[in-house]
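The values are calculated or read from the model by the stated rules, or taken from the named source; none is laboratory data. What you see is a predicted model, and the numbers here were worked out from it, not measured in a lab. Neighbour counts are summed over all protein chains in view; Cβ atoms, including those assigned to glycine, are modelled from backbone coordinates with ideal geometry.
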């Protein structure tokens with residue numbers, strides 16, 4: 001997807017990123033992509049393939065969070081952040097959040113909880129930056145879940161924290 005004649009000299013404004021996100025979602029080229037698609041703050045497209053074990057881990061985490069907190073879980077929904085339109089592997093939101101964000105695309109603020117499932121191919125500094133971007137976009141917390149080592153990194157407004165403030169047994173995320 002290109003925007004002819006456009007030289008980007010600064011990060012795009014949220015409205016510009018939203019316009020690119022809408023164009024990307026409407027483009028049939030990306031209709032059957034077997035992976036996650038995101039945009040950087042510069043409008044660059046990021047594509048991440050999603051494997052079976054990653055997908056299974058994400059759904060296991062989504063089920064555990066929904067059982068513990070009620071509300072709603074979403075997979076790979078676009079969220080407007082300071083580093084572009086990013087798509088957490090799993091997001092949790094309350095009924096109140098859902099009512100406040102009807103059919104937004106991308107979401108103008110992050111759901112209460114945004115979760116990334118860590119894979120061997122991930123660059124941890126980038127995932128940690130993404131976690132803080134979700135928090136800065138309104139999430140109460142963002143988690144990095146390491147299925148292989150059964151570890152969860154929790155991020156809140158003050159940065160990395162020892163544990164979650166949410167009523168979720170982090171051990172339950174691993175089945």
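Observations on the structure shown:
- From the list 58, 110, 133, 91, the one residue that fits, being in contact (Cβ under 8 Å) with a residue 12 or more places away in the chain, assigned to a loop (DSSP other than H, G, I, E, B), buried (at least 21 other Cβ atoms within 10 Å of the Cβ) and under 15 Å from the mean Cα position of the chain (by Cα), is 110.
- The one condition in (1) assigned to a loop (DSSP other than H, G, I, E, B); (2) buried (at least 16 other Cβ atoms within 10 Å of the Cβ); (3) touching a helix residue (DSSP H, G or I) at 6+ places or on another chain (Cβ under 9 Å) that residue 105 fails to fulfil: (2)
- Scan of the range 31-55 for residues that are without any contact (Cβ under 8 Å) to a residue 24 or more places away in the chain and in a helix (DSSP H, G or I), ordered by number: 52, 55
- Checking each residue in the range 160-172 for being in contact (Cβ under 8 Å) with a residue 24 or more places away in the chain, under 24 Å from residue 137 (Cα atoms) and touching a helix residue (DSSP H, G or I) at 6+ places or on another chain (Cβ under 7 Å) picks out 166, 167, 168.
- Matching entry among 73, 81 (being within 16 Å of residue 39 (Cα to Cα) and touching a residue at least 12 places away in the same chain (Cβ under 8 Å)): 81
- For the range 61-76, a residue qualifies if it is part of a helix (DSSP H, G or I), closer than 12 Å to residue 115 by Cα and touching a helix residue (DSSP H, G or I) at 6+ places or on another chain (Cβ under 9 Å), and the qualifying residues are 61, 65.
- Test: residue in the range 15-24 that is exposed (fewer than 11 other Cβ atoms within 10 Å of the Cβ), under 19 Å from the mean Cα position of the chain (by Cα) and either closer than 22 Å to residue 103 by Cα or modelled with pLDDT under 85 (or both): yes
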